[in-house]
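Note sheet for the following structure.
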Amino acid sequence: MAGNIAAFLLLALAIRQLRVDLSYPEILAVRSAGGVLISLAIGWRDPALFREIWRSSLPLNLGRSLLHAVGSVAVVWSVANLPLGLVASIDFSGPLFAAAIGFLVFRLMPTRGAWAGFVLIFAGAVLIVSGYMDVIGLAIIIPFVGVAVLTGTNIMLATLSSRQSTRSILFLMNATQLIVFLSLTAVGADRLGLPSASLSTVAALPHGPVTFVLAVVAMALSGYMTQASLSQATRYGTAVQVSALDILRIPVLAIAGAVFLDETIGRELIIPATVIMCGAFLVAASGGNDRLRLRIKR
């Protein structure tokens, strides 16, 4: 998951840079277009990719891609408008949603040792909501919605990863989402109804054509890298573990936000982030829910 942390940091910085010129659907269209181009380059070198895509389970791929598009909009809004350390901390509410899905869909209970971790993650999430509700209101729910949706798509990704390669999954996802985000761009981003309240600071680099091009390239590459590393992780860990394992993302993004974006790291973030990190560590160490992985792989 180290590659996922580095890619997510690059993705976050690219989003902050692009938000000056582009809407949320346009930013995501850039990511999807980059993923399609990378996949086409891979397919040009190895035509077996296109044969695998033709044999893939299209309904499951399309369903996951559309659901992932919804979560992606919430995540891009969050990264563009909230401190990076806060977004990273909220990301680790994912194990709660993974455990809930595991129980509701598969009737599977988490391992006994994971419960303490879930309690800590929930407590940290409550501290975040109570600490930021007065500042940005109900908009604090948006990143949690993104995490919940993407946790569900991660479970679907685990199923797909047991049936086909990462590169075919990413081609179908990016091709589907490119159509979705171009359509949203044509309709108008204002139709999404997302709030404009912002706690974020300026972009890391000065605004200009050169930095815009660099951000476009970074967005395209990092978007593909995050999904590729996540797909590989789901092959070896449970959905709960994958949601919890890269806990270093919290301090890395918080420090990056302070260094590159002049974001402050206050007590209102340090305390809940630490509580969430401890909970995520306990969940990952306990195995989360090994039976969920076995059920998904069947």
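No lab work stands behind these numbers, since they all come straight from the coordinates. Everything numeric here is computed off the predicted structure, so don't read it as measured data. Every residue, glycine as well, gets a Cβ built from its backbone with ideal geometry; the counts of neighbours run over all protein chains shown.
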Extreme residue, positive dipole direction of the chain, given options ALA158, VAL187, THR211 (C-beta unit charges): ALA158
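Treating only the Cβ of Lys, Arg, Asp and Glu as charged (+1, +1, -1, -1), what charge dipole size does the chain show about its Cα centre? Round to the nearest 20 debye. Provide the component values of the computation, followed by the final result.
Numbers: 20 positive and 12 negative charges, 261 e Å.
Charge dipole, the chain, about its Cα centre: 1260 debye, nearest 20.
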For the chain, what does the helix formula give at 222 nm: sum of -39500 (n - 2.57) over DSSP H segments with n ≥ 4, over the residue count, nearest 500 deg cm²/dmol? -26000 deg cm²/dmol
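Report the full-extension gain for the segment LEU182 to PHE50: residue separation times 0.36 nm, less the Cα-Cα distance, to one decimal in nm.
Details: separation 132, 0.36 × 132 = 47.52 nm, distance 2.34 nm.
Residue separation times 0.36 nm, minus the Cα-Cα distance, leaves 45.2 nm.
Working from the alpha-carbon coordinates of segment 128-208, get Rg over Rh, Rh being the Kirkwood radius. Intermediate results must be reported in sequence, preceding the final value.
Numbers: Rg = 17.3 Å, Rh = 16.2 Å.
On the Cα set of segment 128-208, Rg over Rh gives 1.07.
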Can you sort ARG167, ARG16 so the residue with the fewest Cβ neighbours within 10 Å comes first? ARG167, ARG16
Checking MET173, MET109, MET219 against a Gaussian network model of the chain (alpha-carbon springs below 10 Å), the top fluctuating residue turns out to be MET109
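Above 28 angstrom, tally the Cα pairs of the chain and express them as a % of all pairs, no decimals.
Details: 15711 of 44253 pairs.
Looking at the chain, the distances longer than 28 Å represent 36 percent of pairs.
Could you give the size of the charge dipole of segment 18-148 about its Cα centre, using +1 on the Cβ of each K and R and -1 on the Cβ of each D and E, expressed in debye and rounded to the nearest 20?
Working: 8 positive and 6 negative charges, 95 e Å.
Dipole about the Cα centre, nearest 20: 460 debye.
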Exposure-ranked with fewest Cβ neighbours within 10 Å first, ARG267, ARG19 stand as ARG267, ARG19
Along the charge dipole of the chain, which of ILE5, VAL76, ILE142 sits closest to the positive end, that is, farthest toward it, with unit charges on the beta carbon of Lys, Arg, Asp and Glu (+1, +1, -1, -1)? ILE5
Span-like helix ranges in the chain, DSSP H, alpha carbon extent 18 angstrom or more, Kyte mean at least -1.0: 2-18, 24-45, 58-81, 114-136, 141-161, 166-187, 209-234, 267-286
Packing-wise, with mean Cβ within 10 Å as the measure, how do 45-54, 60-69 rank, highest first? 60-69, 45-54
